[in-house]
Amino acid sequence: MKRRTLLISGAGTAFAAALGSPLRAQEPIKVGFVYVGPIGDGGWTYQHNEGRLALEEHFGDQVETIYQESVPEGPDAERVLTQMALQGADIIFTTSFGYMEATNNVAAQFPDVKFEHATGYMRNTPNVATYDARFYEGRAVIGTIAGHMTQTNKIGYIGSFPIPEVIQGINSSFLHARKVNPDVEMVVVWAYTWIDPAKEADAAKALLEQGVDVILQHTDSTAPQAAAAEAGNVYTFGQASDMAAFKPTPRIASIIDNWAPYYIERIQALMDGTWESTHTWGGIGDGEVEIGEITDAVPAEVKAEAEQMIADIASGAYHPFTGPINKQDGTPWLAEGEVATDEQLVSMDFYVEGMTGEIPN
Amino acid sequence: MFGSIDPLLLLASLMVAATPIVFAAIGELVVERAGVLNLGVEGMMITGAVCGFIVAVQTGSPLLGFAGAAVGGAALSLLFAALTQYLLSNQVATGLALTLFGLGLASLLGQGWVGIRAPSVPDLPLGPLRDIPVLGPVLFRHDPMVYLGLLVCLGVWWFLNRTRGGLILRAVGDNHDAAHALGYRVVRVRVLAILFGGAMAGLGGAYLSLVRVPTWTDGITAGAGWIALAIVVFASWRPGRLVIGAYLFGGVAQLQLNLQAAGVRVPVEILSMSPYIATILVLVLLSAGRAPGCLGRSFHAAR
Amino acid sequence: MLRLEKRPQPSRAWAWATPVLAVVLTMIAGGLLFAALGKDPVEAIRTIFWDPLFGQYASYSRPQLLVKAGPLILIAIGLSLGFRAGIWNIGAEGQYIVGALCAAAVGLAFYPSEARWVIFPLMIVAGALGGLLWAMIPGLLKVRFGTNEILVSLMLVYVAENVQSWMALGPLRNPEGMGFPGSRNLAQYPAAANPELIAGTGMHWGVVAALLAVIAAYVLLSRHLLGFHIRLTGESPRAAAFSGVNPGALILICMGASGALAGLAGMFEITGPSGRVSIDFNVGYGFTAIIVAFLGRLHPVGILLAGLLLALTYIGGEVASLTLRLPVAAIQLFQGMLLFFLLAVDVLTNYRVRRAREGTA
């Protein structure tokens, strides 16, 4: 499957962190990136490449970046990683879940090279770190906006694959839409793709025919935005990138993957000799998950509420999964005031109470 | 169980969803009727998609964009024509190479065009027709390309069955040696057919990048060209059946999502593979499903 | 006006000279392309064609050539038999998938048993049988109903892809995979794995099988009656019928052989380099192999060389993309050019170019 996600923070930190010695200052650090799609996908890979460009911008001559686009998961990934390590890369970011085994295999052969695997959980050697973003935090915000904006009380959600990351997003946005609008229902369609414009357009159409008037998507193309624009009076949210071309409507806000802060932090750590094999799950507070401009199509008080939520999540005052929350079948999941642990989140395989439909398997 | 799916709305979506494959398939149908198998539809489609997008954004005119797409698709197909018709290369291998080439070319041309929205294509002003109850919204509220696609199918049907040119084209496809003996320019007919196929594939691709998505994304066609190839066979090389086939293929893809949205659990894969199995059955059952006699064979006039 | 005149016999000299000519032409055209992109053309060409073989890290990339070329050669050899007889199986991709799925299913059924000497051979048989049966569908339909095997075999690729994603999401899914589509990793299940036989050589059972197939096909075509029948049918079906060739049997034999080899290739990939059944583990080897078969002029030795050449452009292209920052799209375009030139110059093998006087065409 194309790319990514899923993580188990777990006991990975059991490895003693390998403290590298500070690198010599004059030699630029060579940073490699392995992308699962083309940079021109305008979504997942595009955003990782923006992070790479931000690195160059930030460090100037101190870093040199190399990258490889459209690397299929499997044997090709392992070869590309090895080539990068041989070419003298000091640190390599592998930006898809499917690179998990390749990353760890190659890392075992190049103990002096650091590896950073996006959305994975496997850190077999002390030179592997993993990272991911708490997209569900952003989904809480756009879920709130969606709950206010819907007239028909039906929100559509285009899911990619029924994996924990996507299920977190569905639950998070549904819980927060319900919170501001108790009559809200959510209709989920699984597209089984991360990006396929025609299929996403079809999925959006199918949702619209069910009377949905706000669409959330966990797929990366702008096709649903176009379908919404054509239908009129339908609101959407940008996904992965800002999708600013569809402002001010139908796109009324967006949830942006911003990897730049993490990449800069890690390279800085490598330069300082403080790089460790860690798992980082950054969210709104770390700048990894950004909410793009909330347009004027959103009433001011809704916008203010959303901005308050962004601030609360960023400061840690609020966690989107705070009890009481029951599972779909009514069994209690989180008690009053209880906050979901990361372990609970990364293995989420159920809908929360109030959702209709089943998660396919 | 289908209670919450409105069949009329489904049909309306279908007319739009099927349009890219209608274009690509009708082009390929003419090519195959002339006895040439061009497996490069996907490559020509995506080249058309990117050419159309760039022209439309640069000029601000979707119409010019579609024209640019047709030219782009035809230009790429010219490569195929030169190789297979003049240099007599194998059509299957050349078509596959064309897809590879086209995907690379489109991706290269598209660099720097990500994240821009194409100028919008207005609906065709069909006046009072739009307001007919029930039928209006379903049939008469689409952009001009939807109707153009159907018109092209009608035109191809007329051309193949009612004109001398069509007769020659079919003769060339069924038996190129006999057609040559009768004095027809086999190679010229085939080159023209290939160019037409390229132009139509280009239009189909541009429909994705200018209407359905409408931004440029690498890999925008996502396999639509291969589906078009299947539809030509399903239609047993007849334009009328082709439209039905495109709606059926598009319909199954759409219905699967509609059923999900309506809360019905569906075996997605079985539904998705069913049109292909149906195509094989069509090939077996219909004697009319016989392919053009010279499909895929090179022609060399040996005097 | 220039005119082509068919040679009574394909020219042996040109058969050897044309591939070289094509590579030279590709280098020129590709050099222009790279120059247009602002890269040093000589360096780019050297990186693609020279570095993987003799460059600084050739000790790594040379074995990788075998890994990449192995499945291509194995499939192409099978296809070439049919192509020579005018039987067009273009659905090798589907046969590859079904072979891999059958093998994986057998292997996973035994998990976690350790009886490698039972399991691995059984998987090989299952892989070959799966591919063979899938290829028998277009074969039998052609014999019985006269349907076009090009089209049926192509349709069956789509069917196979759907079966594959169903398997990855359903029956073969890893029960410990956190809900992710995809099976257990067979390469990490010792009883089913297809590892490198001698470390650092890239040789695995699939490469061995490919080399054996080359030898077998060579012997078959030059020494065996069946090979004679295949060649005769391709050159003159009528003459073949007179000399007692049973066309139906020949179709089934050619389709079956190509299907079995494609299935084997799938089996060796899924247990080795690829590792697991995912919704899209097929990376187009079945289609690329068609090109390899033609580039190799349908001759076993030619196919061996063509497979290696194509693998070289893949690996060299990766290196060029890494070191010179050539976009992946440019490499794709470059490969497309190579194929076009190879296909185009082949005309010189079979035809003589003559200057034609007016009016004789």
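The values are calculated or read from the model by the stated rules, or taken from the named source; none is laboratory data. Since we're looking at a predicted model, the values are computed, not measured. Every residue, glycine among them, receives a Cβ derived from its backbone with ideal geometry; neighbour counts consider all protein chains shown. With ligands, DNA and RNA removed, areas are computed over all heavy atoms of the protein, side chains included. Shrake-Rupley method; radii C 1.70, N 1.55, O 1.52, S 1.80 Å.
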Accessible area in square angstrom per residue, chain C, 1.4 angstrom probe: 40 Å²
Over chain B: Kirkwood hydrodynamic radius from C-alpha pairwise inverse distances, Å: 19.7 Å
Cα-based convex hull, the stretch C:40-325, per residue volume (Å³, whole number): 145 Å³
The stretch B:155-276, relative contact order [Cα under 8 Å, separation at least 6], %: 14 percent
Acute angle (nearest 10 degrees) that the helix B:7-17 long axis makes with the longest principal axis of chain B, alpha-carbon atoms: 50 degrees
Centroid-to-centroid separation of the stretch C:279-332 and the stretch A:212-232 [C-alpha atoms, Å]: 38 Å
Shielding of C:288-296 by partner chains, average beta-carbon count, 10 Å: 3
Tilt relative to chain B, helix B:62-81 - C-alpha long axis, 0 to 90 degrees, to 10: 30 degrees
Charged-residue dipole, Cβ positions (Lys, Arg, Asp, Glu), chain A about Cα centre, Debye nearest 20: 340 debye
Selection from B:Leu182, B:Ala74, B:Leu105 lying farthest towards where the dipole of the protein assembly as shown points positive, charges on Cβ: B:Leu182
Area projected by the alpha carbon convex hull of the stretch A:227-361, averaged over all directions, nm²: 11.7 nm²
Heavy-atom SASA rank of A:Met355, C:Met167 (probe 1.4 Å, accessible area, largest first): C:Met167, A:Met355
10 Å-binned pair-distance histogram of chain A (Cα, whole percent): 5, 25, 33, 23, 11, 2, 0
Alpha-carbon gyration tensor eigenvalues x 5, square-rooted, for the stretch C:248-361, Å: 32, 25, 11
Which of C:Phe54, A:Ala146, B:Leu87, positive extreme of dipole for the protein assembly as shown (C-beta unit charges): B:Leu87
Between the stretch B:66-130 and the stretch A:48-122, the Cα center-to-center distance that results, in Å: 34 Å
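Rounded if a/c is under 1.5, else prolate if a/b is larger than b/c, else oblate: which is the stretch C:146-247, with a ≥ b ≥ c the root eigenvalues of its Cα gyration tensor?
On the way: a/c = 4.73, a/b = 1.62, b/c = 2.92.
Oblate, because a/c is 1.5 or more while a/b does not exceed b/c.
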Rounded, prolate or oblate (a/c below 1.5 giving rounded, otherwise prolate when a/b exceeds b/c) for the stretch C:21-144 by Cα gyration tensor: oblate
Between helix B:224-234 and chain B: long-axis angle, C-alpha atoms, 0 to 90°, nearest 10: 70 degrees
Size of charge dipole - chain B - debye, nearest 20, with Cβ of Lys, Arg +1 and Asp, Glu -1, no other charges: 760 debye
Cα pair distances in the stretch C:210-279, grouped into 5 Å bins until the bin that holds the longest one, percent each: 4, 14, 19, 20, 14, 11, 7, 6, 4, 1
Chain C: calculated mean residue ellipticity at 222 nm from DSSP helix runs of at least 4, using -39500 (n - 2.57): -23500 deg cm²/dmol
B versus A: buried accessible surface, summed, Å² (probe 1.4 Å, to nearest 100): 2600 Å²
Threshold 50 Å², the stretch A:94-114 residues less accessible with all protein chains present than alone (1.4 Å probe): A:Glu101
Partner chain coverage, peptide B:209-216 - average Cβ within 10 angstrom: 6
Listing of the stretch C:127-163 residues, each with accessible area lower by at least 20 Å² in the full protein assembly than in the chain alone (probe 1.4 Å): C:Leu141, C:Phe145, C:Thr147, C:Asn148, C:Ile150, C:Leu151, C:Val152, C:Leu154, C:Met155, C:Tyr158, C:Val159, C:Asn162
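What's the buried accessible area, both sides, between C and B using a 1.4 Å probe, rounded to 100 Å²?
For chain C against chain B, roughly 3700 Å² becomes buried.
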Cα-centred dipole magnitude for the stretch C:40-325, charges only on beta-carbon of K, R (+1) and D, E (-1), debye, nearest 20: 620 debye
The stretch B:224-303: C-alpha gyration tensor shape, a/c 1.5 cut-off, then a/b vs b/c: prolate
Base-10 log of normalised Debye intensity for the protein assembly as shown (one unit scatterer per alpha-carbon) at q = 0.05 Å⁻¹: -0.30
Top positive-direction residue, dipole computed over the stretch C:40-325 with Cβ charges, set C:Leu312, C:Ala213, C:Phe120: C:Ala213
Those residues of the stretch A:179-217 for which accessible area with every protein chain present is at least 50 Å² below the isolated value (1.4 Å probe): A:Tyr192, A:Pro197, A:Asp202, A:Lys205, A:Glu209, A:Gln210
In the C-A interface, the accessible area buried, summed over both sides, Å² (probe 1.4 Å): 2900 Å²
Chain B, relative contact order [Cα under 8 Å, separation at least 6], %: 36 percent
At least 18 Å along the helix axis (C-alpha) and Kyte average at least 0.0, DSSP helices within chain C: C:12-36, C:58-84, C:92-110, C:116-145, C:149-169, C:205-223, C:247-271, C:300-324, C:328-345
Chain C: relative contact order in percent, alpha carbon pairs under 8 Å with at least 6 residues between: 36 percent
Euclidean distance between Cα centres, the stretch A:133-204 to the stretch C:1-30, Å: 58 Å
Diffusion constant of the stretch A:75-116 at 10 °C, which comes from Stokes-Einstein with the Kirkwood Cα-pair radius and 1.306 mPa s, µm²/s: 160 µm²/s
Accessible area of the protein assembly as shown belonging to carbon and sulfur atoms, whole % at 1.4 Å probe: 62 percent
Per-residue mean of C-beta atoms belonging to partner chains within 10 Å, peptide B:83-90: 6
Exposure ranking of C:Arg46, B:Arg162, C:Arg297, C:Arg223 by accessible area [1.4 Å probe, largest first]: C:Arg223, B:Arg162, C:Arg46, C:Arg297
Under 5 Å, built H, 5+ apart or other chain: amide partners of A:Lys114: A:Ile91, A:Ile92
